[in-house]
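To start, the structure itself, in structure tokens.
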Amino acid sequence: MKVIAFLPVRGGSKSIPLKNIKSFCGEPLLYWAAKAAQNTPEIDEVIIATDSQDIKDVALNFNFSKVKIYNRLYENANDVSSTESVMLEYIDREDIKDEYTFILIQVTSPFLLSNDLSKGIKQLEESKKDSLLSCAKIKRFFWSKEGRSINYNYNNRPRRQDFEGSLIENGAFYINKVANIKQFENRLSGNIEVYEMPEYSMVEIDEPDDWFHAEYLMKKHVLNSSKKTIKLFLSDVDGVLTDAGMYYSENGDELKKFNTHDGKGFELLRNASIKTGIITSENTAIVERRANKLKVDYLFQGKEHGGKLEAAKIICDELNISLNEVAYIGDDVNCYELLKSVGCAACPNDALDTVKSIPNIHVLSKKGGEGVVREFVEKIISTKIF
């Protein structure tokens, strides 16, 4: 039974122009919702529905294997268009089957994690209800304009710690069956289940002030809480430190082209007291000379597939650290096992699709040999990806 995540993002935002691709905590706002959907095992396809070529270009540059672009019609992308209108447009034009599960994800709620989506899907299945929405609990006292207390008895005012509070729709995600959406023309229908997210997730980005508040909350509650301490940085060679090309002189000598920006990246790591190493399937004097030039702490050559993982474990044992404290960048199938095992994995933009599909891997914007290691290093140093 296919599960589709649907992210409607139009280019005509008035309060914050092109807010869906404006940088939020170091990445386009759209990135965070797309990443959550991409990393949710239960989700089969991630549909980004937009009318903007700029948004399409940014979305495709994520290189998320599940992402597909849907070109929404203009009449459902203007200031008065409802979200339901573009949902129904997509379902009708693409002939989406009634039995499919449809998850609406709103990009303006950036606190959504893949874990929330997985739990929400499971919770709805177990509840046997028809649809589900995400909410946050707010412990505030609500009143009507008529002076009537709504969610508490003012004659018996509770302490905050004893107050159950109220649930507020946070706009993060909604789950329903396609058949229900078509019948009721609504994201929700029937018997509705509630999935509760943290209180800070009630903030939605609609106005400029929301942006600054949301960035603060994102850094405090999401990025810092999942931050890993990287103590060892490892890199592959061909296709990462080089462009994977094979160059030969007239005498038949093998040559490799390296990028000086990557060399500066290794220097930045040393300055940050992060150990460095190279693990490669090649076994050449060229790589040894480059490793010496980069002043790496460890060099393992002639390591294929599982051999790369074993080499990393040897280094970890020596440093008395875990693989979760290791960052590694690779591009091919012989890097697969190590990339899956480290705490922080990345690959160049031109890596194999098999590598790009590894859960939680960071697909970088540069290609191998173009300074992609430097790009990865700067993200680690600035903690943008943790």
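Laboratory data are not the source of any read-out in this text; all were calculated from the coordinates shown. What you see is a predicted model, and the numbers here were worked out from it, not measured in a lab. All Cβ positions, glycine included, derive from the backbone under ideal geometry; neighbour counts span all protein chains shown.
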- request: State the label only: which of (i) 66, 52, 40; (ii) 87, 51, 40; (iii) 58, 54, 43 corresponds to Cα extents along the principal axes in Å computed from the shown model?
  value: (ii)
- request: Would you pull out the residues with amide H under 5 Å of Tyr195's amide H, same chain only if 5 or more places away, H placed 1.01 Å from N?
  value: Leu133, Ser134, Cys135
field: DSSP-loop GluC sites (Glu not before Pro) across segment 43-139, with at most 15 other Cβ within 10 angstrom
entry: Glu94, Glu99
Between 0 and 90°, nearest 10: helix 208-217 axis offset from the chain longest Cα axis: 60
- prompt: Is the shape of segment 315-386 best called rounded, prolate or oblate, per the rule: a/c under 1.5 gives rounded, else a/b larger than b/c gives prolate, else oblate, with a ≥ b ≥ c the square roots of the Cα gyration tensor eigenvalues?
  reply: oblate
task: Springs between alpha-carbon atoms under 10 Å, Gaussian network over the chain: tell me which of Leu319, Leu294, Leu268 tops the mean-square fluctuations.
output: Leu319
- prompt: For the chain, what is the calculated [θ] at 222 nm in deg cm²/dmol (nearest 500), taking -39500 (n - 2.57) for each run of four or more DSSP H residues and dividing by its residue count?
  reply: -9000 deg cm²/dmol
- prompt: So, by mean Cβ neighbours within 10 angstrom, what's the order for 335-346, 58-69, 145-156 with the highest one leading?
  reply: 335-346, 58-69, 145-156
query: Hey, can you rank 198-206, 11-19 by average C-beta count inside 10 Å, highest first?
result: 198-206, 11-19
- prompt: Taking Cα atoms, how many degrees apart are the long axis of helix 306-319 and the longest axis of the chain, rounded to 10 and kept between 0 and 90?
  reply: 90
field: Sparse-neighbourhood loop sites, trypsin sites (Lys or Arg not before Pro) in segment 212-274 - DSSP loop, at most 15 other Cβ within 10 angstrom
entry: Lys227, Lys257
query: Which of rounded, prolate, oblate describes segment 268-328, given a ≥ b ≥ c as roots of the alpha-carbon gyration tensor eigenvalues and a/c under 1.5 marking rounded, otherwise prolate only if a/b is larger than b/c?
result: oblate
query: Once a ≥ b ≥ c are taken as the square roots of the eigenvalues of the Cα gyration tensor of segment 232-382, is the result rounded (a/c under 1.5), prolate (a/b larger than b/c) or oblate (a/b not larger than b/c)?
result: rounded
message: With a cut-off of 8 Å between alpha carbons and a minimum separation of six or more residues, what is the relative contact order of the chain in percent?
response: 15
task: Would you mind working out the magnitude of the charge dipole of segment 232-382 relative to its Cα centre, with +1 at each Lys and Arg C-beta and -1 at each Asp and Glu C-beta, to the nearest 20 Debye?
output: 460
message: Looking at the chain only, what percent of DSSP beta bridges run antiparallel? Nearest 5 please.
response: 30
query: Treating the beta-carbon of each Lys and Arg as +1 and of each Asp and Glu as -1, no other charges, what is the dipole magnitude of the chain about its Cα centre, to the nearest 20 debye?
result: 1300
